[in-house]
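Contents: one structure, followed by commentary.
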Amino acid sequence: MILSDRPLRLGTRGSPLALAQARMTARALCDTHGWPDSAVAIVTVQTSGDRIQDRALAEIGGKALWTKELDRALVEGEIDFSVHSMKDVETLRPAVFRIAAMLPRADVRDRLVGADSFDALPANPVVGTSSPRRAAQVTRLRPDATITLFRGNVATRLAKLAAGEVHATLLAAAGLDRLGQGDVGVTIPIDMMLPAPSQGAVGIEALADNEAVLAALAAISDADTFDCVMAERNVLMGLGGTCHSPIAALALVDGDRLHLRAEIISPNGQETVSEDAHIDRQDHDAAHAMGRALLDRASPALRSLFEA
């Protein structure tokens, strides 16, 4: 059943990866509901995060720079729903919006690009990343590394690497795979680098009162991905983390429960506090408590990164 006499308007950022994820979402909707391709129209919205490339997100407004223009388009009726990389969505969202669905999660791991391993990097390597989590994990593995700010889409960062600006960079395996670049880089084991909360997940958001659109989106939601990502986001809520804070978290389905792991890391990589537990699906309180437990065990210096 098509919801109206016009196409549903899917809002997305305009990067190649964002557009690939938007096309995945449109295809899932049309296949699931038996709609023609014309039933979903992709609307590109430029975000502040795309425009500003010379500073870290934490310095210029955080993750809202990826969402606020899409949020405005939703509220003003320019689009019917929006598609995001879930790791770019702020932990606390306005009540007017609802995360309605998530596509099946892709590879959650990071890839090292520019070297076959961290040990293979030269002495005093320069590694490019804009992620506090990756920066702290790299510094933990290679204390002699210098971290330099690396922003831009995948092609931009690979071009900077090819130009010799850094010895190596790190990219999400999911993004590379979705761009058809699965042969780029060396996959890093989870036990070496726990990923960012929500990494590899594509989320779809709509207005909380738009019942018809919410129902259509729910039909394409992957329950395992949704439960795992929401657990990871609840760890973030417990931490009160910001874009300045090096946080990693991963939930995996284990029978009828979730195996949830999380860690916080000092920027110099010298202190890591980790938690590991099995929790019930949709037990948001337990995931939230894990975030609080991490803070309770952290040193005052590490804890201060999470305090307003």
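The values are calculated or read from the model by the stated rules, or taken from the named source; none is laboratory data. Worth saying up front: this structure is predicted, and the values here are computed from it rather than measured. With ideal geometry, Cβ positions are generated from the backbone for all residues, glycine too; neighbour counts draw on all protein chains shown. Quick note on the areas: whole protein, heavy atoms, side chains included, nothing else; ligands and nucleic acids left out. Shrake-Rupley method; radii C 1.70, N 1.55, O 1.52, S 1.80 Å.
Go through (1) open to solvent by less than 60 Å² (accessible area, probe 1.4 Å); (2) part of a strand (DSSP E or B); (3) closer than 30 Å to Asp209 by Cβ; (4) at pLDDT 95 or above one by one and return the number of the condition Arg98 breaks.
Among (1) open to solvent by less than 60 Å² (accessible area, probe 1.4 Å); (2) part of a strand (DSSP E or B); (3) closer than 30 Å to Asp209 by Cβ; (4) at pLDDT 95 or above, Arg98 violates only (1).
It is to be established whether one or more residues within the range 18-29 are under 22 Å from Ile220 (Cα atoms), modelled with pLDDT of 95 or more and not in a helix (DSSP H, G or I).
Taking every residue of the range 18-29 in turn, none turns out to be under 22 Å from Ile220 (Cα atoms), modelled with pLDDT of 95 or more and not in a helix (DSSP H, G or I).
Is there a residue in the range 162-169 that is within 27 Å of Gly269 (Cβ to Cβ), outside any loop (DSSP other than H, G, I, E, B) and either among the aromatic types (Phe, Trp, Tyr) or under 19 Å from the mean Cα position of the chain (by Cα) (or both)?
So far as the range 162-169 goes, yes, one or more of its residues are within 27 Å of Gly269 (Cβ to Cβ), outside any loop (DSSP other than H, G, I, E, B) and either among the aromatic types (Phe, Trp, Tyr) or under 19 Å from the mean Cα position of the chain (by Cα) (or both).
Across the range 116-142, what is the number of residues that are in a loop (DSSP other than H, G, I, E, B), polar (S, T, N, Q) and surrounded by 19 or more Cβ atoms within 10 Å (Cβ to Cβ)?
Count: 3.
Hey, can you tell me all the residues within the range 168-183 that are farther than 15 Å from Leu17 by Cα and either surrounded by fewer than 18 Cβ atoms within 10 Å (Cβ to Cβ) or touching a Pro at 6+ places or on another chain (Cβ under 7 Å) (or both)?
Ala168, Asp183
Condition (residue is closer than 24 Å to Ile190 by Cβ, at pLDDT below 95 and not basic (Lys, Arg)) applied to the range 132-141: is it met by at least one residue?
Looking for residues that are closer than 24 Å to Ile190 by Cβ, at pLDDT below 95 and not basic (Lys, Arg), one finds at least one in the range 132-141, hence yes.
Checking Pro195 against (1) in contact with a Leu (Cβ under 8 Å, 6 or more places away or on another chain); (2) at positive phi, which single condition isn't satisfied?
Going through (1) in contact with a Leu (Cβ under 8 Å, 6 or more places away or on another chain); (2) at positive phi one by one, Pro195 breaks only (2).
Within the range 82-95, which residues are part of a loop (DSSP other than H, G, I, E, B) and either touching an Asp or Glu at 6+ places or on another chain (Cβ under 6 Å) or of a type in the set (Ser, Thr, Tyr) (or both)?
Residue satisfying the conditions is Thr91 alone.
Could you give every pair whose Cβ atoms fall below 7 Å, whose first residue belongs to the range 55-82 and is over 20 Å from Met102 (Cβ atoms) and open to solvent by 30 Å² or more (accessible area, probe 1.4 Å), and whose second residue is in a loop (DSSP other than H, G, I, E, B) and modelled with pLDDT of 95 or more, counting only separations of at least 6 or pairs across chains?
Qualifying pairs under 7 Å: Val75/Val96.
Only one residue in Gly128, Gly114 is in contact with a Phe, Trp or Tyr (Cβ under 7 Å, 6 or more places away or on another chain) and at pLDDT 95 or above. Which one?
Unique residue meeting the criteria: Gly128.
Can you name every residue in the range 185-213 that is within 27 Å of Leu29 (Cα to Cα), open to solvent by 50 Å² or more (accessible area, probe 1.4 Å) and either part of a loop (DSSP other than H, G, I, E, B) or without any contact (Cβ under 8 Å) to a residue 60 or more places away in the chain (or both)?
Within the range 185-213, Asp209, Glu211 qualify.
Exactly one condition in (1) in a strand (DSSP E or B); (2) open to solvent by 20 Å² or more (accessible area, probe 1.4 Å); (3) among the aliphatic types (A, V, I, L, M) is false for Leu112; which is it?
Of the numbered conditions (1) in a strand (DSSP E or B); (2) open to solvent by 20 Å² or more (accessible area, probe 1.4 Å); (3) among the aliphatic types (A, V, I, L, M), the odd one out for Leu112 is (2).
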